[in-house]
Amino acid sequence: MLETLTVADAVELAVVERSGFVESRHAGAAVVLSPDGDVVARHGNAEALVLPRSSLKPLQAVAAVTAGAALEGEQLALGTASHTGTDRHVEVVREILAAGGLTEDDLGCPPAWPSDSATRRELVRDHADKSRLRMNCSGKHALMLRACVATGWATEGYLDPAHPLQVHIREVVERLTGEKIAHTAIDGCGAPVHAMSLTGLARGVHRIGSASERSPFALHRVAGTLVRAVREHPWTIAGPGAPDTVAIESLGVFAKHGAEGVMVMVAPNGTTVALKMLDGSGRAVTVVAATLLARAGALGDTQVAELEANLRLDILGGGEPVGRIRVSPRL
């Protein structure tokens, strides 16, 4: 059976401090690429396989657009999102579907409650049910469906790994990462998710994050347009106060977390970091990624400090801050 990095492969990336006592440690692996795409730093085994989970969405989105899904602006940005299910998010997903003659019933993702607490409370008060539109991956699924409509592929069964759309996505992922897919699993939303090395993931995201809309190559033009859409509409990628949205708003980066402690982040100059927390926790991934970009000279220390102040990193005791989630001093 294939597997991700082991305990022996990992290094300490973050710690949880409570009242002056280090209570927990987050170990994992990380890799940093220069603006030219060269590896400039490795922490732990960066060649170990990972399932990128939602950090794969930028690659999937580029593939869907090259297959014919002609989206732009906030609709395109939402196609690579793990959104919090607010009414604003749902409205855009509905627009994406309606423009292709599609409805919520065509979505293959499972019904879910929004992760945005205010929206969830309102739905509960209104005795509403779970909805596929509220599921955090509904934008990705809507984008995939639009690609099927544009190309003439069947929308039924679009999540099957053998479906022409998924075959196309796999080919684009391999092209961007420079690796053959090591394994294909099923993500939480029902879509295929492909295993690759952490370095391969960084390489793929770097090629997207540093792409130019003026490139002579269509794939790169699409990638450049996607990154601009996300940076111009950071609310789409997650939601108010969510780490990805906060990082994009405050740093101008291209950021996308994935379940089980995966994170990718591209600085404005193209410097890229990809990391995986071995324990699957995502609570420290944003600050660790930003810190690694700063150490590579792509962000300023002041910028990272401002980001930290806007992330939910406090450890509470009796309802008051008594500690902090911090980047490991050993990193």
Looking at the range 5-60, which of its residues are over 21 Å from the mean Cα position of the chain (by Cα), in a helix (DSSP H, G or I) and hydroxyl-bearing (Ser, Thr, Tyr)?
-> none
Could you tell me which numbered condition Ala70 fails, if it satisfies all but one of (1) in contact (Cβ under 8 Å) with a residue 60 or more places away in the chain; (2) under 18 Å from the mean Cα position of the chain (by Cα)?
-> (2)
Top-ranked residue in the range 96-145 [being touching a strand residue (DSSP E or B) at 6+ places or on another chain (Cβ under 8 Å) and closer than 15 Å to Ala238 by Cα; ranked as surrounded by the most Cβ atoms within 10 Å (Cβ to Cβ)] | Arg134
Pick from the range 134-157, criterion of a type in the set (A, V, I, L, M, F, W, C) and farther than 18 Å from Glu72 by Cβ, ranking: nearest to the chain's Cα centre (by Cα) | Cys137
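Just one of Val273, Val253, Val288 is of a type outside the set (S, T, N, Q), buried (at least 24 other Cβ atoms within 10 Å of the Cβ) and touching a Lys or Arg at 6+ places or on another chain (Cβ under 9 Å); which is it? Can you show your working first?
Working: Val273 fails: touching a Lys or Arg at 6+ places or on another chain (Cβ under 9 Å); Val288 fails: touching a Lys or Arg at 6+ places or on another chain (Cβ under 9 Å).
Every option except Val253 fails the conditions.
Just checking, does the range 101-120 include any residue being under 19 Å from Leu226 (Cα atoms), in contact with a Leu (Cβ under 8 Å, 6 or more places away or on another chain), in a loop (DSSP other than H, G, I, E, B) and at pLDDT 95 or above? Talk me through it step by step, then tell me what you get.
Restricting attention to the range 101-120, the residues satisfying the condition of being under 19 Å from Leu226 (Cα atoms) are none.
Within the range 101-120 (the criterion being under 19 Å from Leu226 (Cα atoms), in contact with a Leu (Cβ under 8 Å, 6 or more places away or on another chain), in a loop (DSSP other than H, G, I, E, B) and at pLDDT 95 or above), the answer is no, since none of the residues qualifies.
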Pairs, first closer than 18 Å to His183 by Cα and in contact (Cβ under 8 Å) with a residue 40 or more places away in the chain in the range 145-170, second among the hydroxyl-bearing types (Ser, Thr, Tyr) and in a loop (DSSP other than H, G, I, E, B), C-beta under 7 Å, six or more apart = Leu165/Tyr158
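May I ask you to verify whether Arg146 is on the phi < 0 side of the Ramachandran plot, out of contact with any Gly (no Cβ under 6 Å at 6 or more places or on another chain) and not in a loop (DSSP other than H, G, I, E, B)? Break it down into steps so the answer makes sense when it comes.
Details: on the phi < 0 side of the Ramachandran plot: yes; out of contact with any Gly (no Cβ under 6 Å at 6 or more places or on another chain): no; not in a loop (DSSP other than H, G, I, E, B): yes.
In short, no.
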Single condition Met1 does not satisfy, out of (1) modelled with pLDDT under 95; (2) part of a strand (DSSP E or B) | (2)
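Which residues, taken from the range 190-221, are among the charged types (D, E, K, R) and within 18 Å of Val65 (Cβ to Cβ)? Lay out the reasoning, then the answer.
Within the range 190-221, the first condition is being among the charged types (D, E, K, R), and the residues that meet it are 203, 207, 213-214, 221.
Residues satisfying the conditions are Arg207, Glu213, Arg214, Arg221.
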Mind checking which strands (runs of 3 or more DSSP E) fall wholly inside the range 260-331 and carry at least 3 residues that are touching a Gly at 6+ places or on another chain (Cβ under 7 Å)?
-> 272-277
Out of the residues in the range 264-284 that are under 22 Å from Val15 (Cβ atoms) and hydrophobic (A, V, I, L, M, F, W, C), which is farthest from the chain's Cα centre (by Cα)?
-> Leu278
Set Val205, Val172, Val246: member being within 13 Å of the chain's Cα centre (by Cα) and either buried (at least 23 other Cβ atoms within 10 Å of the Cβ) or at pLDDT 95 or above (or both) | Val205
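Scan the range 290-303 residue by residue and report those that are in contact (Cβ under 8 Å) with a residue 24 or more places away in the chain and not small (Gly, Ala, Ser). Write out each step before concluding.
If we filter the range 290-303 for residues that are in contact (Cβ under 8 Å) with a residue 24 or more places away in the chain, which is where we start, we get 290-293, 295-299, 303.
Within the range 290-303, Thr291, Leu292, Leu293, Arg295, Leu299, Gln303 qualify.
The values are calculated or read from the model by the stated rules, or taken from the named source; none is laboratory data. Since the structure is predicted, the reported quantities are computational estimates derived from the model, not experimental observations. Here Cβ is always computed from backbone atoms with ideal geometry, including for glycine, and neighbour counts include all displayed protein chains.
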